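Q: Please read through the structure below; I'll follow up with questions.
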Amino acid sequence: MDPGSDFEGSHGGATDAPEDISAVGHLLLVEDDDDDAFLASEAIRRSEAFREVRRVRDGWEALSALADPSRVPSLVLLDLNMPVMDGFEVLSALEAEHEGSTGTVPPVVLLTSSDDPEERARAERFDIVAGYVVKPLSRQMAKGLVALARTPGA
């Protein structure tokens, strides 16, 4: 896969980013590394795919941000390798919290430096995972995230 133009959606195939997009709601970026967060935020900003990017630094902050029903993001971009609470622990907590509830969990795209097939297989076991992106996030990849985002009111 060409990292500059494609990303992996939940069905495992490379998906070209749409050419004509309209910005959707906001994206929650969960990333502990300042440099990676800057690169991802810039790619998203330049793609004009989301109206707002909100960053938190760890899994606990992510769960706290997602608990606010007035600020539910259209998409969560979640780093897997973080201290305190890693991305898989966040996914487990979200699924456990919302199991059997009528509340909605936004789609999650995993952002990681690992292209390990075992890690991908583990990620696919979570129903809320909509995609898997290997860092760095490019502008074209950020545009492609719109197809995975939940539109407001949906």
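The values are calculated or read from the model by the stated rules, or taken from the named source; none is laboratory data. The shown structure was predicted, so the numbers you read here are calculated from the model rather than taken from an experiment. As a convention, Cβ positions derive from the backbone with ideal geometry for all residues, glycine included, and neighbour counts pool all protein chains shown. Each accessible area value is taken on the protein alone, full model and side chains, heavy atoms only, with ligands, DNA and RNA left out. Shrake-Rupley method; radii C 1.70, N 1.55, O 1.52, S 1.80 Å.
Q: Just give me the residues in the range 110-133 being in contact (Cβ under 8 Å) with a residue 60 or more places away in the chain and open to solvent by less than 40 Å² (accessible area, probe 1.4 Å), in sequence order.
A: Passing the criteria: 111, 129, 130, 131, 132, 133.
Q: Return yes or no: is residue 57 more than 13 Å from residue 26 (Cα to Cα) and either loosely packed, with under 14 Cβ neighbours inside 10 Å or among the hydroxyl-bearing types (Ser, Thr, Tyr) (or both)? Quick ask: steps written out before the conclusion?
A: Working: more than 13 Å from residue 26 (Cα to Cα): yes; either loosely packed, with under 14 Cβ neighbours inside 10 Å or among the hydroxyl-bearing types (Ser, Thr, Tyr) (or both): no.
No: the conditions fail for residue 57.
Q: Right, another one. Give me a count of the residues in the range 35-74 that are closer than 25 Å to residue 139 by Cβ, acidic (Asp, Glu) and in contact (Cβ under 8 Å) with a residue 12 or more places away in the chain.
A: 3
Q: Find the residue count for the range 39-49, including only residues that are open to solvent by less than 20 Å² (accessible area, probe 1.4 Å) and not in a helix (DSSP H, G or I). Steps first, answer last, please.
A: Just the residues of the range 39-49 that are open to solvent by less than 20 Å² (accessible area, probe 1.4 Å), to begin with: 40, 43-44, 47, 49.
Still in the running and not in a helix (DSSP H, G or I): 49.
So the count comes out to 1.
Q: Further question on the same structure: Mind listing just one residue for me: the one in the range 60-98 that is touching a Pro at 6+ places or on another chain (Cβ under 9 Å) and more than 13 Å from residue 111 (Cβ to Cβ) and, of those, most open to solvent (accessible area, probe 1.4 Å)?
A: Within the range 60-98, the first condition is being touching a Pro at 6+ places or on another chain (Cβ under 9 Å), and the residues that meet it are 65-66, 72-76.
If we keep only those that are more than 13 Å from residue 111 (Cβ to Cβ) as well, we get 65-66, 72-74.
Values: 65: 7, 66: 29, 72: 52, 73: 3, 74: 7 Å².
Filtering the range 60-98 for residues that are touching a Pro at 6+ places or on another chain (Cβ under 9 Å) and more than 13 Å from residue 111 (Cβ to Cβ), the one most open to solvent (accessible area, probe 1.4 Å) comes out as 72.
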